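First comes the structure, then the notes that go with it.
The values are calculated or read from the model by the stated rules, or taken from the named source; none is laboratory data. Since the model is a prediction, treat every value here as computed from it, not as a measurement. Here Cβ is always computed from backbone atoms with ideal geometry, including for glycine, and neighbour counts include all displayed protein chains. Heads up: the accessible areas ignore ligands, DNA and RNA and are worked out on the full protein's heavy atoms, side chains in. Shrake-Rupley method; radii C 1.70, N 1.55, O 1.52, S 1.80 Å.
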Amino acid sequence: MNDMAAPLPSPARSRWYAYAAIAVAAVGFGVIAVGGIGKNLVYYWGPTELHDAGDKAIGATIRLGGLVASGSVKRVEGVSGVEFDVIDRKGGVVHVKTTGVPPQLFRERIGVVVEGTMTRAGYFQGNRLMVSHNNEYRVPGDASKDDAKAMMKTTVGLEGDSGAGR
């Protein structure tokens, strides 16, 4: 039997192993971060920024934000799609063609975000159409005449009203 244990590495050698492990981890993290970020990058631009980008915008995944121009909405016959113009406050205009059913709130003069890509033909091909709206709900009609407590009583479960007897 050999009672001699294996010699422990010197502190200087252990330190070099630690430095090497940190360097390998940093290089690996850098390769993953830089190599994969380009494929997952989505730009958020308005019509003016989209035109300013030029050829950089063609083929890139972009979220185009702005307002639907008045009088520009055209339903595509035979397929569920829509064409319209997106405008911004700087005077930029981009023609958009999308496929698929537009959201129920979609209309002229509403804020939209369209995810897609700019084509060489000069229009924006949308894959996903989202409507931007605020979360404020207004009661139809003149809300100043309505009493808030009276409206709450019409809702089952509020103010201790179980809705029984209705």
Quiz item: Pairs, please: C-beta under 8 Å, at least 6 apart or cross-chain, first residue more than 16 Å from Leu105 (Cβ to Cβ) and in region 120-148, second modelled with pLDDT of 90 or more and in a loop (DSSP other than H, G, I, E, B)?
Solution: Gln125/Thr119
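In contact (Cβ under 8 Å) with a residue 12 or more places away in the chain and either touching a strand residue (DSSP E or B) at 6+ places or on another chain (Cβ under 9 Å) or farther than 16 Å from Val114 by Cβ (or both) - does that describe any residue in region 34-41?
yes
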Practice problem: Output the residue which, of all residues in region 71-86 that are of a type outside the set (Val, Ile, Thr) and open to solvent by 60 Å² or more (accessible area, probe 1.4 Å), is modelled with the lowest pLDDT. | Solution: Gly78
Practice problem: Check off (1) within 23 Å of Ile58 (Cα to Cα); (2) within 19 Å of the chain's Cα centre (by Cα) for Ile110 and give me the number that stays unchecked. | Solution: (1)
Quiz item: Taking into account only those residues within region 87-107 that are under 15 Å from Tyr123 (Cβ atoms) and touching a residue at least 40 places away in the same chain (Cβ under 8 Å), which is surrounded by the most Cβ atoms within 10 Å (Cβ to Cβ)?
Solution: Val94
Practice problem: Give region 21-50 a look and list any residue that's closer than 21 Å to Arg109 by Cα and surrounded by 14 or more Cβ atoms within 10 Å (Cβ to Cβ), or say none. | Solution: Trp45, Gly46, Pro47, Thr48, Glu49, Leu50
